[in-house]
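Only one structure is covered here, and it is reproduced in the block below.
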Amino acid sequence: MPEWLSVERRAELVVACRQWARGPVPFRHTVLPSGGVMSVRTVCLGWHWQPYRYARTADDVNGARVAAFPDWLGDLGRAAVAEAYGDEDAARAFAPDTALINFYDDAARMGMHQDKEERSGAPVVSLSIGARCVFRFGNTEGRGRPYTDVELASGDLFVFGGPSRFAYHGVPKVYAGTADPAAGLRAGRLNLTLRETGMASGDA
């Protein structure tokens, strides 16, 4: 859904992301089990993601409990599902309880991967703010072809669910010099993904 976020809403989200980036768990480069380090920087709300599980506390960073997932962000996610699906019942059923917020500088990339740590098959809502990027959306069987390259710009909404919920996807390119100063982001790209973990509080 192109330009789904108004410039005013984008600016509000940029301010909120800067606040979340200061903690209690700050933006960090995630270290993979292989020893590799992700080029994007990530902060989480509600549940902390680390390869390849969720927890309430950021045991791979500083041990702190992550910031709460705000109700207003859940409302935004339901509005996104309603818009993308054209289905108010599906929107009402969507109950996101975590957000992964990734910041890409001009050199950052995201390899092809599946979002599969969640126990729920509910859709993933992806919001883009800042620099344009190539979003590579693939198939559910592997990282290779077939895939479709979609250019995402600031304000764009991308929702995937149903048979495509576990499709491989990644970001092979960010376009330098295409950020969104009107929204308060002079460089780089923010991507917010809202998800249902399907986990109960006792799973922490």
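The values are calculated or read from the model by the stated rules, or taken from the named source; none is laboratory data. Quantities reported herein were computed from a predicted structural model and do not represent experimental measurements. Quick reminder, even Gly has a Cβ in these numbers, built from the backbone with ideal geometry, and neighbours come from all protein chains shown. Calculation scope for accessible area: heavy atoms of the full protein, side chains included, ligands and nucleic acids excluded. Shrake-Rupley method; radii C 1.70, N 1.55, O 1.52, S 1.80 Å.
For this structure, a couple of remarks:
- Net +/- balance of residues flanking Val174 in space, Cβ distance below 10 Å, scoring K and R +1, D and E -1: +2
- Sequence of Tyr52, Tyr85 from largest to smallest accessible area, 1.4 Å probe: Tyr52, Tyr85
- Measuring nothing but protein heavy atoms, the accessible surface of the stretch 1-51 at 1.4 Å probe radius is 54 percent carbon and sulfur.
- Taking the helices alone, the chain has a mean residue ellipticity at 222 nm of -5500 deg cm²/dmol, built from -39,500 (n - 2.57) per DSSP H run of at least 4 residues and averaged over all its residues.
- Ranking of Thr57, Thr148 by solvent-accessible surface, largest first: Thr148, Thr57 (1.4 Å probe, protein heavy atoms only, all chains present).
- For Glu12, solvent-accessible area (1.4 Å; no DNA, RNA or ligand), Å²: 100 Å²
- Of all DSSP-defined beta bridges confined to the stretch 1-75, some 90% are antiparallel rather than parallel.
- Values of log10 I(q)/I(0), in the order q = 0.21 Å⁻¹, for the stretch 44-95 under a Debye, Cα-only, solvent-free model: -0.74
- When the surface is traced with a 1.4 Å probe over the full set of protein chains, Glu8 keeps roughly 120 Å² accessible.
- By accessible area with a 1.4 Å probe, ligands and nucleic acids excluded, highest first: order of Arg10, Arg132: Arg132, Arg10
- Protein accessible area in the stretch 65-125, 1.4 Å probe - carbon and sulfur %: 47 percent
- Per-residue SASA entry for Trp20, accessible area with 1.4 Å probe, Å² rounded to 10: 30 Å²
- Accessible area per residue for the chain, computed on protein heavy atoms with a 1.4 Å probe, is 46 Å².
- Mean projection of the Cα convex hull over all viewing directions, computed for the stretch 1-111: 8.0 nm².
- With Cα atoms defining each centre, the stretch 161-204 and the stretch 10-36 are spaced 12 Å apart in the structure.
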